Amino acid sequence: MAGEEDIARITGGDTDPNLEETYMLGFIIANIVGTRHYSGRISGRQNVGLVREPLNRYDSNAIKVLNTRHHQVGNIERSVAAVLAPLIDDNSIKIEGIVPNNKKGGNFYKIPCQIHVFASGLEMDRVYNEIVDGGLQLIRTDEMGIGVSEAAVVKEGVVDDGKRLDEVFKGVEEVGKLEVMEAPREVVKSELFLHQKEGLGWLVGREREGVLPPFWVEKSDGLFVNEVTKFETRQRPEAMCGGIFADDMGMGKTLTLLSLIALDKFGSVDSGVCSGRNAGSSVVDKGCEESNVFGGKKSNLFGGKNTKKRKGGKMVDNVKKKQKGKGGLKSEGLSVDNVVDYVISRSTLVVCPPSVFSTWITQLEEHTNPGKLKVYLYYGDRTNDPMELTKYDLVLTTYNTLGSEDSSESPAFRVNWLRVILDEAHIIKNGNAQQTRAVNKLNAKRRWVVTGTPIQNGTMDLFSLMVFLRYQPFANKSYWNTLVQRPIDIGDKIGLSRLQAIVSTISLRRTKDRDLTGLPEKIMEICYIDLSAEERELYERMEGEAKSVVQDYITANRVTSNYTTVLSIILRLRQICTDVALCPTDLFASLSTGNIEDLTNNPELLTKMVAMLEDGEDFDCPICISTPTNIVITRCAHIYCKSCILKTLKCAKPCCPLCRHELSESDLFFPPPEVSNVTEVPSSSKSTKVSALLKLLSISRDQDPARKSVVFSQFRKMLILLEEPLKKAGFKILRLDGSMNAKKRAQVIKDFDVPGPDGPTVLLASLKASGTGVNLTVASRVYLLEPWWNPAVEKQAMDRVHRIGQTKEVRIVRIIARNSIEERILELQEKKKRMASEAFDRKGGLKDQREIKIEDIRTMISL
DNA sequence: ACCGCCGGGTGCC
DNA sequence: ACCGCCGGGTGCC
């Protein structure tokens, strides 16, 4: 659709060969200005869309800022836009925006925004110079210690992409309990199989109106929050009707879909399908208006004026849109069509390859009573009247028919279908822009993608899929790039796991042979966490120490004789990743403040700072986009983390990233103790990892209160530390550790068998505590708090749960601190696995897997 | 009076 | 909008 092209064009698009390998060059902090003039609001930390407006009448360099709902928030301040716009326009860079949490920090007229700048590897220097020469302060991410490792994996990530995309559906199979739904027997004369009834129930459920779309939650105060974008609104978001139906081939998808279509006509009164339909046009059309932000033509046409007659699918509207001039409209994402007539229809359009026509026809003949469903085969040339198409319950057409037509002429595009189904959608090959564009032009609230093969690379690309499904905010190119594409490109695993989450919430995929294997599936997941700023600071210092100590030993060739010292330093690093409380308390006693004054002698600044902090609202350091640690205020009254601003001042012409005033270390001030105390009090007693675990467990409990989980840690103290917060969160827990005698252990395991939610649902276990015979198959979730040094030990832990007798799908979640020794331990695990298979072939060459070599130590502390 | 300074008008792009 | 910036009014102390 127009909007998609618009953004693609504006940000350089994905297919531009010059930008195939882009790196994050760094970021600029710029103000969003003019917020008074627009309705779009921003609350909390949020990604924003940055869209070029070459035809802005005041400034051809203009870059507008959109919030998650595509409402304009403002513009990027002129001076910054002036530098960036030419680089964007000649495809030298792509940009993405993120706004820090700033409920009260900035003033009302402008909002700071981090603009992330991406450029191809070859262009980095040129682009860097142009930005800096343009007077902007480009904060290099590598200087902040974020970018280096990302850059290093770029190549690998890209090469690997296709294979890894195959895994998209890995997370889908946990279907949980599906509601069974019967097909209307007036139409469907065959009895459906159980899985088909479940499939039908799922389809109906996904078309239900009034259900919040994925990732939206309703807060108690009537506020709706999108968990991905943090966008908040009081207006209830429209349901997302449809999804991806990806059962294996031969499971009867077509019949299930026919049953769904039959329900349109013969559904029981109380079924969810009907509520949407009976509520009539207002519901459906409002949905169109809301969800199709870029499809301006539709929202313009239907907005608020569809109380007209509508019986039997009559013509409803005939509004002429003024053509404001081609370019102008395009840049606004509007259609350039002169006149568009829409016909409201209650029929379903099925788009499929010609070979699948016969499947539909055969299924109709075999399983439905004759004459109950009226079908029309549409090749595009038999009628020019959209009304004709609405007379049928089912219109079958092909991708080629749609792709080769002129959309403004074709009646298929002038019908507002009840439902559009893309059958065997994988035949739309990646890059088939014509067909992709055509299907995206189809109008329907209910949109389905049906495929018998897993979504993978080479299929209609996933972004187009999001666009087709109107799956906001992922159907917006900039959000898609920020949230999914970019992380995948740079090899960040969060990209793939997000993708899995995004896809799985709207997908149903069941395989024919899933009951043939003895054991239910075991799904491995990694939950990455980012250490809090405090933890990070401790970690960095510890790692610095580790590096220098180990380096000294290495140069002195005395590593082996100091093995325990080295291992204990590594142990500390690992402990910090899990919970700083695991370390001896005196370890980090000394805290140097450097030579930054406090504010006691600077009353005006003090007043400002107090004013900002007093309002109590948390706000983010605009550099690291998280709650500031060691708060520092600049002479120009902007607030940062001490370490963030110090790093950015290490450039050629140091200035404040927010207002670009010249700045040196002597312009930085600490708040006086009593002020800083106010903000430091809420510093968490729970570690980041513990909080993450709690969250995961709560989510799991919400899904299934009876579900049982086992949490493994190798630190006994950790198991004990977990008890309080878990109990506080309402979990019934048990602990199994090495200090218990055999009898006690057996009792714990027996107690764990009592079914939840009345029985215990979480078992805190240390690996050593239990012999190989322990059976924990009552649980179906495993959380590994730390990566185990030896992968075989991890496997052992999982096998306690995933073993004969397990009837449920098992999900194994490893909680890993990003950019830490833990990530490197994962790498080493992979290496070990490879080596293990090699060592096995080479007889006699079996090396001790437990041995930690100097090289491994170097890897772990990235020396 | 080709400056400095004052204070009112003003406010995205 | 408690700022910055612009441009007109003004002009010793």
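Bear in mind that the values in this text are calculations on the coordinates, not laboratory data. It should be emphasised that the depicted structure is a prediction, and the values quoted were computed from it without experimental measurement. Virtual Cβ from ideal backbone geometry, glycine too; neighbours counted across all protein chains shown.
Things to note:
- 5 angstrom amide H check on residue A:526, placed H, neighbours 5+ away: A:814
- Under Karplus coefficients 6.51, -1.76 and 1.60, residue-wise ³J(HN,Hα) of the range A:214-222 in Hz, glycine/proline x: x, 6, 9, 10, 9, 7, 4, 8, x
- Ordered by the count of other Cβ atoms within 10 Å of each Cβ, fewest first, A:448, A:360 give A:360, A:448.
- Whole-Hz couplings from phi, Karplus 6.51/-1.76/1.60, listed for the range A:700-716; x for Gly and Pro: 4, 5, 4, 5, 7, x, 8, 5, 10, 10, 10, 10, 9, 9, 8, 9, 4
- Cα-Cα over 29 Å, subset of A:253/A:391; A:493/A:832; A:717/A:808; A:197/A:727; A:795/A:853; A:708/A:795: A:717/A:808; A:197/A:727
- In this structure the amide hydrogen of residue A:23, modeled in the peptide plane, comes within under 5 Å of the amide hydrogens of A:119, A:120, A:121, none closer than 5 places in sequence on its chain.
- Three-way shape label, the range A:64-119, alpha-carbon gyration tensor, a/c 1.5: prolate
- Rounded to whole numbers, the Karplus 3J(HN,Hα) couplings from phi for the range A:365-379 are 5, 6, 10, 10, 6, x, x, 6, 10, 8, 10, 10, 8, 10, 9 Hz, using 6.51 cos²θ - 1.76 cosθ + 1.60 with θ = phi - 60°, and x at Gly and Pro.
- Computed on the range A:173-244, with alpha-carbon pairs under 8 angstrom and 6+ residues apart, the relative contact order is 27 percent.
- Peptide ranges A:543-556, A:54-67 listed from the most packed, as the mean C-beta count within 10 angstrom indicates: A:54-67, A:543-556
- Built amide H within the under 5 Å cut-off of residue A:343, gap 5+: A:415, A:416
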